[in-house]
Ligand code: GN1
Ligand code: MG
């Protein structure tokens, strides 16, 4: 008899330090990169098991070292701890030769994640936990962190990749996406100024979209950030902007009906309010550039999606042919809406956030 996928995965699980038994597995279809499974004992969820996408993450050891170091600082009564379950030989990941690299983490019970929200309590809690994450990691030694995806949020790299894709793309695709291409070129010019800003490098999460925040099921209290694959050096405005693009906007990332894409001021304010309850942890310059982060992050993601569309979907997993284009158009639409709110955002962040001295 052919082994089923579950048997195979159970076989890999046997390499980790957990009670040896037959577990039930549930595929989690979130995310564009890794394969994720919920490991259950009967109906009780116990672990998150992931196969790391090596096409995207070539330095698996670097990622796991970054995560292990970050977890050692993310210890606080108001922050839930996730543990890496070691393999039988004491490693943080298992290399299954042909099958790739696997890691196992403890699952936080009674938790949930939201793709979008209209609830200001959730937005505020998201701000509080993103701020707490940064406060706790401010004690980590930045030089210990490996750049596992070098220049991940570097706009000049993304511009170069976009220009290469333009050069190789199918003329039909260039025609279908012509308006997006014009917007991309114009906005790249506008955002160049951000490159010259002198800001402190921090240990960032780099993927703080709302569904990477875990909430308690009962009261929607933010528990912790998940998906720490991209924990690397970065600027705070990356984490701010990535959260805002998924919180102040109540539509999904690939929403095709742009009338549903809006910049919700009450959710923006609630998020900033949540950041502020942590007290002062940002410099004056970091605070003053936050509104640009809310433009920069949806834009850079839209640009990457457009590039991948032109490259025939070689990077992101897509569930239909034009998903990357839909993501690009929706992300660019939110970028335009955020651009209209720069002055408003400036006022809110200056009013609510106190800089460190
Ligand atoms: C990718 O697979 P997922 O959802 O964790 C991407 C993020 C984007 C996200 C959504 C390594 O993350 O940067 O925010 O899709 N991660 C990588 O657009 O490229
Ligand atoms: Mg991710």
Taking the residues in the range 227-260 that are over 14 Å from the mean Cα position of the chain (by Cα) and buried (at least 23 other Cβ atoms within 10 Å of the Cβ) as candidates, determine which candidate is farthest from ligand 1 (Cβ to nearest atom).
248
Quick one: which residue in 10, 55, 6, 15 is out of contact with any helix residue (DSSP H, G or I) (no Cβ under 6 Å at 6 or more places or on another chain) and within 16 Å of ligand 1 (Cβ to nearest atom)?
55
Matching entry among 41, 35 (being touching a strand residue (DSSP E or B) at 6+ places or on another chain (Cβ under 9 Å), at pLDDT below 95, over 30 Å from residue 290 (Cβ atoms) and surrounded by fewer than 18 Cβ atoms within 10 Å (Cβ to Cβ)):
35
Test residue 81 against the criterion of being without any contact (Cβ under 8 Å) to a residue 12 or more places away in the chain, closer than 28 Å to residue 115 by Cα and away from ligand 2 (no atom under 16 Å from the Cβ), and give yes or no.
no
In the range 84-124, which residues are in contact with a helix residue (DSSP H, G or I) (Cβ under 6 Å, 6 or more places away or on another chain) and more than 18 Å from residue 70 (Cα to Cα)?
96, 101, 102, 113, 114, 115, 120, 123, 124
Could you grab me the full set of residues in the range 204-239 that are away from ligand 2 (no atom under 16 Å from the Cβ) and under 18 Å from residue 114 (Cβ atoms)?
215, 216, 217, 218, 219, 220, 221, 222, 223
Out of the range 44-75, which residues are away from ligand 2 (no atom under 16 Å from the Cβ), over 16 Å from residue 228 (Cβ atoms) and loosely packed, with under 15 Cβ neighbours inside 10 Å?
44
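The values are calculated or read from the model by the stated rules, or taken from the named source; none is laboratory data. In this text, all values refer to a predicted model and were calculated from it rather than measured experimentally. Neighbour counts are summed over all protein chains in view; Cβ atoms, including those assigned to glycine, are modelled from backbone coordinates with ideal geometry.
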